[in-house]
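Peer 1: What follows is a structure written as structure tokens; I'll ask about it next.
The values are calculated or read from the model by the stated rules, or taken from the named source; none is laboratory data. Because the structure is predicted, anything quoted here is derived from the model rather than measured. Every residue, glycine among them, receives a Cβ derived from its backbone with ideal geometry; neighbour counts consider all protein chains shown. Protein only, heavy atoms only, side chains kept; ligands, DNA and RNA dropped before computing areas. Shrake-Rupley method; radii C 1.70, N 1.55, O 1.52, S 1.80 Å.
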Amino acid sequence: KTTSLTTIYLTMAKKKSKATSSRAASSTSSSGGSKSRRKRSMSTEEEEEPMIQREPANSTYDEEDDESPVDSADEEYNGGDGNDVEEEDEGEEEVLSEESGDDDEEHGEVPSIPLPSYTSDGRYHNKQRCLTLCSRGVTARYRHLLEDLRTLIPHCKRESKLDPGKAGGEFGGGMAKAINDIAEMRSCTTVLFLECRKRMDAYLWVGRTGITAGNIGAGAGAAGGAAPVAAQGPSVKFEITNVHTMDELRLTGNCMKGSRPVLTFDESFDRLDDLRVIKELFVDVFGCPRGHPKSKPFVDRVMGFYYADGKIWVRNYQILEEQPTNAREAREERKNTGSDRQTNLVEIGPRFVLNPIRIFRGSFGGQTLYQNTDYVNPNVIRAQARKMKGRSYEQRKGAERMRKKRREEIVVPVDPLGDVFR
């Protein structure tokens with residue numbers, strides 16, 4: 001009984017309005033249920049064709065299933081008697097089967113009816129928070145990078161540095177358990193953890209923790225003292241390279257602090273499976289919920305994620321609207337773009353490159369869902385550089401030995417006439 005034919009619905013709009021007015025008149029009448037049904041049957045006989053009830057395009061009902069919402073609504077409207085509605089439905093099926101075939105022959109395909117869009121009330125419903133912290137021993141560059149990321153995430157929760165040697169406490173569990181416990185205490189659904197090793201290499205962990213946004217606040221206040229429902233993972237480990245902070249770049253772009261960003265992703269994020277998971281995590285971490293107390297009701301920046309050379313390039317831009325200085329420029333701009341204001345993107349910063357290493361099923365651990373085979377550990381790169389440097393030293397010393405040996409082998413014979421003219 002599902003119909004998504006726009007043309008049929010438009011041609012019978014007048015008849016539908018006529019039938020609706022007749023039904024409204026019969027429902028307001030005080031004569032009772034039998035009289036209203038008699039008027040309704042008279043109004044349906046006067047119509048040349050039955051009224052078509054439009055249903056949403058994505059709702060399907062089987063013959064064996066229960067009655068559809070449209071039928072139940074008609075029965076409630078008719079006072080509980082659905083006999084006449086069933087007769088109308090049978091007539092609708094016959095008309096649709098005849099007219100739909102004609103439309104398929106004429107147009108070739110049936111257009112879909114757009115669904116009504118959801119209008120938000122602007123309140124703070126999506127109460128998700130992001131925990132941002134770093135490990136002890138980070139350098140100044142990565143510490144400033146973390147501060148820049150915190151300014152870009154209004155819904156973040158700050159936490160002090162985490163000591164890898166003391167993570168987990170006396171009960172053990174490692175750094176993953178310590179981060180999950182901190183996130184549970186701070187009621188955070190996502191975590192952005194910056195790990196620094198040897199004061200040279202930085203790794204960024206992005207993942208979901210053991211609680212969800214639907215059960216924030218559960219636990220001691222829940223019925224029976226039940227703990228939050230565990231929904232750990234997934235989590236991704238990146239290597240950060242080419243880091244440039246806001247203070248270092250000194251770019252001209254500027255935006256309001258706490259404004260909500262527009263997240264743009266490359267087409268590769270919809271084509272590759274591993275990038276789909278990363279995209280969902282980035283939306284949860286960098287996408288500020290609407291109505292958050294620390295956010296501003298403005299959208300004046302764009303955060304872009306681009307996939308190239310097997311890495312993710314992150315940029316942050318300001319949406320800048322420039323007004324024309326005179327009427328001539330306004331007329332030309334309106335002629336070219338349809339608006340008298342010119343919209344440009346000015347980079348704000350920070351900028352960095354993320355090299356994905358692994359995707360884990362759990363929160364900061366668990367089964368490996370994806371592993372980057374092209375990734376090379378920085379320790380291996382430095383070891384190879386040292387080997388090349390040591391090989392060059394060996395080659396230079398070998399050349400010195402060969403040169404000394406060659407000089408010793410070269411002997412000039414004594415000339416017997418060398419002392420004649422002395």
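Peer 1: Which FRET efficiency value, to the nearest 0.05, do you get for ARG290 and GLN384 by plugging their Cβ-Cβ distance into 1/(1 + (r/R0)^6) with R0 = 56 Å? Present the calculation step by step, with values, prior to reporting the outcome.
Peer 2: Values: r = 49 Å, r/R0 = 0.88.
In this case the efficiency is close to 0.70.
Peer 1: While we're looking at this one, here's another question. Can you pull the accessible area of THR368 for me, 1.4 Å probe, Å² to the nearest 10?
Peer 2: Per-residue accessible area (THR368): approximately 60 Å².
Peer 1: Note down the accessible area of LEU320, probe 1.4 Å, to the nearest 10 Å².
Peer 2: 50 Å²
Peer 1: Ranked highest first by average number of other Cβ atoms within 10 Å, how do 408-417, 333-342 line up? Spell out each step's value before the answer.
Peer 2: On the way: 408-417: 6.5, 333-342: 12.0.
So the order, starting with the most tightly packed, is 333-342, 408-417.
Peer 1: How much length, in nm to one decimal, is gained on full extension between THR241 and ARG197, taken as 0.36 nm per residue of separation minus their Cα-Cα distance?
Peer 2: Working: separation 44, 0.36 × 44 = 15.84 nm, distance 1.35 nm.
Going from the current span to full extension adds 14.5 nm.
Peer 1: Just to be sure I understand the model, the point goes 7 Å from the Cα along the line to the Cβ. What's the resulting ARG250 to GLU267 distance in nm?
Peer 2: Spacing of the two 7 Å Cα→Cβ label points: 4.0 nm.
Peer 1: If you don't mind, another one. Going by amide H atoms built from the backbone, whose H comes under 5 Å of the H on LEU162, apart from near neighbours?
Peer 2: CYS134, SER135, ARG136
Peer 1: Follow-up. Within the set LYS157/LYS296; LYS198/LYS311; LYS198/LYS389; LYS177/LYS198; LYS127/LYS177; LYS177/LYS294, which residue pairs have Cα atoms separated by over 19 Å? Show your work: numbers first, answer last.
Peer 2: Working: LYS157/LYS296 17 Å; LYS198/LYS311 23 Å; LYS198/LYS389 21 Å; LYS177/LYS198 22 Å; LYS127/LYS177 23 Å; LYS177/LYS294 29 Å.
Going by Cα-Cα distance, LYS198/LYS311; LYS198/LYS389; LYS177/LYS198; LYS127/LYS177; LYS177/LYS294 fall outside the 19 Å limit.
Peer 1: In addition: If ligands, DNA and RNA are left out, what is the accessible area of HIS125 with a 1.4 Å probe, given in Å² to the nearest 10?
Peer 2: Roll a 1.4 Å probe over it and HIS125 shows about 120 Å².
Peer 1: Quick check: pseudo-label points 7 Å beyond the Cα along Cα→Cβ at GLN342 and GLU329, how many nm apart are they?
Peer 2: 0.6 nm
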